[in-house]
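S.K.: Below is one structure. I have some questions about it.
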Amino acid sequence: MPGAIQLTENERKSILELHKKNTSHREIAKKINRSTTVVTNFLNDLLKYDSRKRTGRRKKVDERAKRLIIRTASNKSIPCSNIINDLCLKMSRWTINRVIKRSNILKKMKTKHSPALTTAHKDLRLTWAKDHMTWNSPDGFCYCWHGLGKEEDIFSTRVQGGGSVMIWASFG
């Protein structure tokens, strides 16, 4: 059966004050709206009250490991199994995934697909940019703003072309 809510500091002080005035345990319990058992247990052993260790399973991931996992996941786009190997952690990839999901810093985003740029594409882009380059913004002032955030990851989707089909047949 789970334990009840522990006595607050104010409740403890009021119990001690009422006990010094020789008030009975039952009257103290009525005044602070708690059970007589709580009052009796508190007064029997003042030093041991609320010093018991809490039972239960220990957490697999401590705060330091959480920070390491989140830092690694935010700096690199690698799978959870690689994070385990990089940080030499002894836990499953699902635990790593849970830590990342629970963090408010990172969020899952779909990777953007675009074909890989060849050197010819880059040269064409550069010449176009030089032709259309103006340092004036639309409102006429000479300043430009640039986002300093991390660049978005782009997954290359250029596919191999020119495949052939081979057909085997036998006539008998």
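S.K.: Which residues' amide hydrogens lie under 5 Å from the amide hydrogen of V61, considering only partners 5 or more residues apart or on another chain, with H built in the peptide plane?
M.R.: Answer set, sorted by chain and number: none.
S.K.: A further question follows. Please compute the modelled spin-label separation between M109 and I5, points set 7 Å along Cα→Cβ, answer in nm with one decimal.
M.R.: 4.3 nm
S.K.: Oh, and also: May I ask you to compute the full-extension gain from S156 to N75, defined as 0.36 nm times their residue separation minus their alpha-carbon distance, rounded to one decimal in nm? The partial results should precede the final answer.
M.R.: Details: separation 81, 0.36 × 81 = 29.16 nm, distance 1.97 nm.
Residue separation times 0.36 nm, minus the Cα-Cα distance, leaves 27.2 nm.
S.K.: On to the next question. Can you give the FRET efficiency to the nearest 0.05 for T55 and N85, using r as the Cβ-Cβ distance and R₀ = 30 Å?
M.R.: Numbers: r = 33 Å, r/R0 = 1.11.
Taking R0 as 30 Å, the efficiency between T55 and N85 is 0.35.
Computed from the coordinates by the stated procedures, all read-outs in this text should not be read as laboratory data. Values in this document were obtained by computation on a predicted structure and should not be read as measured data. Note that each Cβ is placed from the backbone with ideal geometry, even for glycine, and that neighbours are counted across all protein chains shown.
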